[in-house]
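See structure below.
The values are calculated or read from the model by the stated rules, or taken from the named source; none is laboratory data. Only a predicted model underlies this, so the values are computations on that prediction, with no experimental measurement involved. Don't worry about glycine lacking a Cβ; one is built from the backbone with ideal geometry, like all the others, and counts go over all protein chains shown. The area values use the complete protein model at the heavy-atom level, side chains included, leaving out ligands, DNA and RNA. Shrake-Rupley method; radii C 1.70, N 1.55, O 1.52, S 1.80 Å.
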Amino acid sequence: MVEVKNLEDATAMTTISRHYFADCDPQAPTVSISIIENMKEDYGLFVWPCSVVLAEYVWQQKHRFQGATVIELGAGTSLPGLVAAKVGAHVTLTDDSTRLEVLENMRRVCDLNKIECNVLGLTWGVWDSSIFSLQPTIILGADVLYDSNAFDDLFATVTFLLQNSPGSSFITTYHNRSGHHLIEFLMRKWGLKCLKLLDGFSFLPSHKASLLSGNIQLAEIALISR
């Protein structure tokens, strides 16, 4: 279930959407995450369907995320990373270091939800000092496979992070717009393998699935053992 509240001023129309997560057990508490979306900004400040699917997967795999060190790449509005933090992960939210408005929105959303996350500017394919200290056990990325011109930079960054933290994995959701073959090619190129490939709607609750459309896949990727 998603609730939306509009806040309008002279320069922008801001929406706060609330996203709910619950177990099958009716006695279990419901968790909600509030997201600030700016409807006049570009794609970094919307909650896209892939983000909803990945956040639900994190929720359903919450025991795996408890105590994990998590990095979300291209986090934007950060819903999957915030859910990971809510269930007990140590989370770093990242997006392009040049997109200051997106990074600031991440901080606002963390404050709004009273969740502590590290917020970091990280540009794919750029090796500045910040990336060398990151050792995630799980890397998250929702809809980061949308611009084929950025695929190599993304996979270079993912591969570096996986190498920097042996045993880690990259979990991503993406629209299967042109088939899985390009991603398979890039995995081979960068020495990666697919551990899991799921239809995003196969685990999404029906009330959430009814609000989304498209062919959304979830893939879990890791280094090929040498």
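With LEU186, LEU161 as the choices, which residue is in contact with a strand residue (DSSP E or B) (Cβ under 6 Å, 6 or more places away or on another chain) and modelled with pLDDT of 90 or more?
LEU161
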Only one residue in ILE224, ILE216 is touching a Lys or Arg at 6+ places or on another chain (Cβ under 6 Å) and of a type in the set (A, V, I, L, M, F, W, C). Which one? ILE224
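When the residues of region 154-178 are filtered to those that are in a helix (DSSP H, G or I) and among the aromatic types (Phe, Trp, Tyr), which remaining residue is nearest to ALA68 (Cα to Cα)? Walk me through it before giving the result.
Narrowing region 154-178 to residues in a helix (DSSP H, G or I): 154-164.
If we keep only those that are among the aromatic types (Phe, Trp, Tyr) as well, we get 155, 160.
Details: PHE155: 22, PHE160: 18 Å.
So the residue we want is PHE160.
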Restricting region 104-116 to residues that are open to solvent by less than 10 Å² (accessible area, probe 1.4 Å) and free of Cβ contacts under 8 Å to residues at least 60 places away in the same chain, the one nearest to LYS62 (Cα to Cα) turns out to be CYS110
Listed by first then second residue, the pairs whose first member lies in region 11-35 and is among the charged types (D, E, K, R), whose partner is assigned to a strand (DSSP E or B) and open to solvent by less than 60 Å² (accessible area, probe 1.4 Å), with beta carbons under 8 Å and at least 6 positions apart or on separate chains, are ARG18/SER32; ARG18/ILE33; ARG18/SER34; ARG18/ILE35
Looking at (1) out of contact with any Ser or Thr (no Cβ under 6 Å at 6 or more places or on another chain); (2) under 21 Å from ALA219 (Cα atoms), can you tell me which one THR137 breaks? (1)
Please find, within region 1-38, the residue that is most open to solvent (accessible area, probe 1.4 Å) out of those that are at pLDDT 80 or above and of a type in the set (Ser, Thr, Tyr). THR30
Only listed residue being in contact with a strand residue (DSSP E or B) (Cβ under 7 Å, 6 or more places away or on another chain), farther than 23 Å from LEU79 by Cβ and among the hydrophobic types (A, V, I, L, M, F, W, C), chosen from LEU192, LEU198: LEU192
Residue hits (region 46-95; on the phi < 0 side of the Ramachandran plot, surrounded by fewer than 23 Cβ atoms within 10 Å (Cβ to Cβ) and assigned to a loop (DSSP other than H, G, I, E, B)) are PHE46, VAL47, TRP48, GLN61, GLN66, ALA68, VAL87
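Any idea which residue in region 129-153 is nearest to GLN66 (Cα to Cα), counting only those that are surrounded by fewer than 22 Cβ atoms within 10 Å (Cβ to Cβ) and among the aliphatic types (A, V, I, L, M)?
Of all residues in region 129-153, those surrounded by fewer than 22 Cβ atoms within 10 Å (Cβ to Cβ) come to 129-135, 137, 143, 146-153.
Remaining after also requiring among the aliphatic types (A, V, I, L, M): 131, 134, 150.
Working: ILE131: 23, LEU134: 18, ALA150: 31 Å.
Out of the qualifying residues, it is LEU134.
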Can you tell me which condition VAL119 does not meet? The list is (1) crowded, with 18+ Cβ neighbours inside 10 Å; (2) in contact with a Phe, Trp or Tyr (Cβ under 6 Å, 6 or more places away or on another chain), and all the others hold. (2)
Could we say that LEU182 is over 16 Å from ALA75 (Cβ atoms), without any contact (Cβ under 8 Å) to a residue 60 or more places away in the chain, assigned to a helix (DSSP H, G or I) and of a type outside the set (Val, Ile, Thr) here? yes
For region 204-221, enumerate the residues that are of a type outside the set (D, E, K, R) and not in a strand (DSSP E or B). LEU204, PRO205, SER206, HIS207, ALA209, SER210, LEU211, LEU212, SER213, GLY214, ASN215
